[in-house]
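First the structure, in the form of structure tokens, and then the observations on it.
Laboratory data are not the source of any read-out in this text; all were calculated from the coordinates shown. What you are looking at is a predicted structure, and each value in this text was computed from that prediction instead of being measured. All Cβ positions, even for glycine, are placed from backbone atoms using ideal geometry, and neighbour counts span all protein chains on display.
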Amino acid sequence: MTKILAITNQKGGVGKTTTGVNLAASLAATKQRVLLVDLDPQGNATMGSGIDKRSLQVTVYHLLLGEAEIGNVRVRSTSGNYDVLPANRELAGAEIELVEIEHRETRLKVALAAVADDYDFILIDCPPALNLLTVNGLCAAHAVLIPMQCEYYALEGLSDLVQTIKKVRTHLNPQLEIEGLLRTMFDPRNTLAQQVSAQLQQHFGDKLYRTVIPRNVRLAEAPSHGLPALGLDQSSKGAQAYLALAGEMLNRAVAL
């Protein structure tokens, strides 16, 4: 069965897009069929997958507004070996235009249903805000993957996000659950990071992935090449960490 995961956190700069691109590539490297959905008007997941967002004729914007079929929007990331529903700045306009459309919260869910059987994993890169785009991602998903840095403000934001997930579950998507919390940009030499990590372990237990994503130069450099870290330097700590995360996710799925 297809697993649809929304990668989200209302706090920006925590590694959502880095996780989307590199997890997609790592799952693809393990022979999984993967679709990455870029729901952020910045289009960073699109560019990081080696797709020029400026040259696109149709994007996820046209899909959400019913102006294009998903088969015409979907493109292949040759650098990551997965499919992408790309985005660019046009998507910012969807926030306003969707307000007037019927069933506006479930537009993405309906669109993905047409191709869900083509994939083992669908990863949705959500914008760093609770808006109609993020709500579409949460309504389409089976579960939420939350990347977060181990710092004080991240804990504050996490509390808000958990409440948001509960509201979406109550009103729009009863099956939505937290798949896991992923520690990103982790520096083991930082005492605060260790303390926050321990608190996450205490409060979330098995929901906290054992895999930890370290601060890594290759992860930061890869998007400028239009590559996942795996395509830039497979032996880098960042690439190896996302491969480990993919393995952990697959093992969890088997265990269930």
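If you put +1 on each Lys and Arg Cβ and -1 on each Asp and Glu Cβ, how big is the dipole of segment 151-196 around its Cα centre, in Debye rounded to 20? Numbers along the way, then the final one.
Numbers: 5 positive and 6 negative charges, 24 e Å.
Taking the Cα centre of segment 151-196 as origin, the dipole is about 120 debye.
Report D for the chain in µm² per second (integer): Stokes-Einstein, Kirkwood Rh on Cα pairs, 37 °C, 0.692 mPa s.
Details: Rh = 18.1 Å.
Estimated diffusion coefficient is 181 µm²/s.
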Check: In nm, to one decimal, how far is the ARG89 label point from the PHE204 one, both placed 7 Å along Cα→Cβ?
Finding: 3.4
Checklist line | Estimated dipole of the chain in Debye, rounded to 20 [Cβ of Lys and Arg +1, of Asp and Glu -1, Cα centre] | finding: 660
Margin query: Compute a Gaussian network model of the chain, connecting alpha carbons closer than 10 Å, and tell me which residue from ASP83, ASP187, ASP117 fluctuates the most.
Written below: ASP117
Next item on the list: Compare the peptides 18-30, 144-156 by average per-residue count of other Cβ atoms within 10 angstrom and give them in order, highest first.
Entry: 18-30, 144-156
Next item on the list: Work out, step by step, the length gained on full extension between ILE96 and ARG215: first 0.36 nm times the residue separation, then minus their alpha carbon distance; give nm to one decimal.
Entry: 39.2 nm
Margin query: Please enumerate, by chain and number, the lysines with C-alpha under 19 Å from the C-alpha of LYS109, excluding those fewer than 8 residues away in the same chain.
Written below: LYS3, LYS166, LYS167
Next item on the list: Mind ranking 240-253, 202-215 by how tightly packed they are, going by the mean number of other C-beta atoms within 10 angstrom, highest first?
Entry: 240-253, 202-215
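Trypsin sites (Lys or Arg not before Pro), restricted to segment 68-168: which are DSSP loop and have at most 13 other Cβ atoms within 10 Å? Could the numbers behind the result be given before it?
Values: sites: ARG74, ARG76, ARG89, ARG104, ARG107, LYS109, LYS166, LYS167; in loops: ARG74, ARG89.
For trypsin sites (Lys or Arg not before Pro) across segment 68-168 that sit outside H, G, I, E and B with at most 13 neighbouring Cβ atoms in 10 Å, the list reads ARG89.
Computed FRET efficiency, Cβ-Cβ of ILE178 and LEU250, R0 22 Å: what is it to the nearest 0.05? Please list the in-between numbers first.
Details: r = 18 Å, r/R0 = 0.83.
Efficiency, rounded to the nearest 0.05: 0.75.
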